[in-house]
Amino acid sequence: MESTVLERWLEEVVSAPGATALRDPHAARRVLVDDALRATELVSGLEGSIVDVGSGGGSPGIPLAVALPLRSFTLLEAERRKCVFLERLAREVPNVEVVWGRAEEQEVEAFGVALAKALAKPPVAAELCLPLVATGGAVILWLGRDADRESLTRAAEQVGGALERDVDGLALLRKIAETPPGFPRRPGMAKKRPLA
């Protein structure tokens with residue numbers, strides 16, 4: 001059942017306009033499914049509900065939700081058209097809810113875990129995700145080889161986080177303090193004026 005749902009989702013993502021730039025099914029599987037599932041063990045060791053910030057076509061949220069059926073996932077997406085696409089696909093994954101909105105407009109400290117893959121540069125992703133998780137919770141970021149870890153660390157510290165682990169392009173930011181006053185900043189500010 002698990003593989004059937006993921007196969008169907010992958011076909012839909014590759015064929016839907018605007019869901020992904022990937023058109024080759026093998027490349028799409030590697031980038032959207034296999035790469036997302038690298039975080040399964042890491043996510044399963046963390047507590048609380050999970051939000052996939054800037055879910056786009058649904059990766060990493062949908063593959064991880066299928067792999068972890070007892071965990072609650074929210075796919076947060078700012079683009080309405082992508083939300084409609086996700087809502088249709090999420091009907092087959094009972095532990096998934098789709099929310100149309102921006103990270104800056106969500107309730108702070110409402111989740112245990114936030115995920116971000118290709119959301120923004122790491123310092124921006126840290127600022128958008130850390131306010132969403134409760135103290136003690138965590139953010140998992142998929143980082144490129146050339147990601148600036150120093151800037152990520154500085155940005156995380158300003159919004160109550162610390163870089164706890166960075167292995168094979170998966171960074172875990174631990175929320176060690178409450179979200180400071182003034183965060184999240186208004187929509188668009190994190191990208192316009194990054195913290196680091």
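General observations
- Angle of helix 2-15 to the longest C-alpha principal axis of the chain, folded into 0 to 90 degrees and rounded to 10: 90°.
- Each label was represented as a point 7 Å from its Cα along the Cα-to-Cβ direction; for GLU178 and ARG80 these points are 3.6 nm apart.
- Relative contact order (%) - criterion: Cα under 8 Å, at least six apart; region: the chain: 16 percent
- For VAL98, residues with placed amide H under 5 Å, excluding near neighbours: LEU75
- Relative to the dominant Cα principal axis of the chain, helix 80-90 is inclined by about 60°.
- Backbone HN-Hα couplings from phi across the stretch 150-159 [Karplus 6.51/-1.76/1.60, Hz, Gly and Pro as x]: 5, 5, 4, 4, 5, 5, 4, 4, 6, 10
- Surface accessible to a 1.4 Å probe, per residue, for the residues of the stretch 99-188, Å²: 46 Å²
- Its Cα gyration tensor gives the chain an equivalent ellipsoid. The semi-axes, each the square root of 5 times an eigenvalue, are 26, 17, 16 Å from largest down.
- Relative contact order, percent, the stretch 133-196 [alpha-carbon distance under 8 Å, six or more residues apart]: 40 percent
- Length added when fully stretched, ALA110-GLU12, from 0.36 nm per residue minus Cα-Cα: 32.3 nm
- Point-charge dipole on Cβ atoms (K/R +1, D/E -1) for the stretch 84-184, about Cα centre, debye to 20: 220 debye
- The lysines within cross-link reach of LYS175, meaning a Cα-to-Cα straight distance under 23 Å and a gap of 8 or more places when in the same chain, are LYS117, LYS121, LYS191.
- Dipole of the stretch 29-170 [Lys/Arg +1, Asp/Glu -1 at C-beta], most positive-end residue of LEU75, LEU132, VAL51: LEU75
- Calculated from backbone phi, Karplus (6.51, -1.76, 1.60) coupling profile of the stretch 49-54 in Hz, x at Gly/Pro: 6, 10, 10, 9, 8, x
- Helix-only mean residue ellipticity at 222 nm for the chain, each DSSP H run of n ≥ 4 adding -39500 (n - 2.57), per residue, nearest 500: -8500 deg cm²/dmol
- Here the 3J(HN,Hα) profile of the stretch 186-195, calculated from phi with Karplus coefficients 6.51, -1.76 and 1.60 at θ = phi - 60°, is 5, x, x, 5, 4, 6, 6, 10, x, 4 Hz, Gly and Pro shown as x.
- Size of charge dipole - the chain - debye, nearest 20, with Cβ of Lys, Arg +1 and Asp, Glu -1, no other charges: 560 debye
- Bridgeable aspartates and glutamates around LYS192 (alpha carbons under 17 Å apart, same-chain partners fewer than 8 residues away excluded): GLU104, GLU105, GLU127.
The values are calculated or read from the model by the stated rules, or taken from the named source; none is laboratory data. What you see is a predicted model, and the numbers here were worked out from it, not measured in a lab. With ideal geometry, Cβ positions are generated from the backbone for all residues, glycine too; neighbour counts draw on all protein chains shown. Just so you know, the surface numbers come from the protein's heavy atoms only, side chains and all, with ligands and any DNA or RNA stripped out. Shrake-Rupley method; radii C 1.70, N 1.55, O 1.52, S 1.80 Å.
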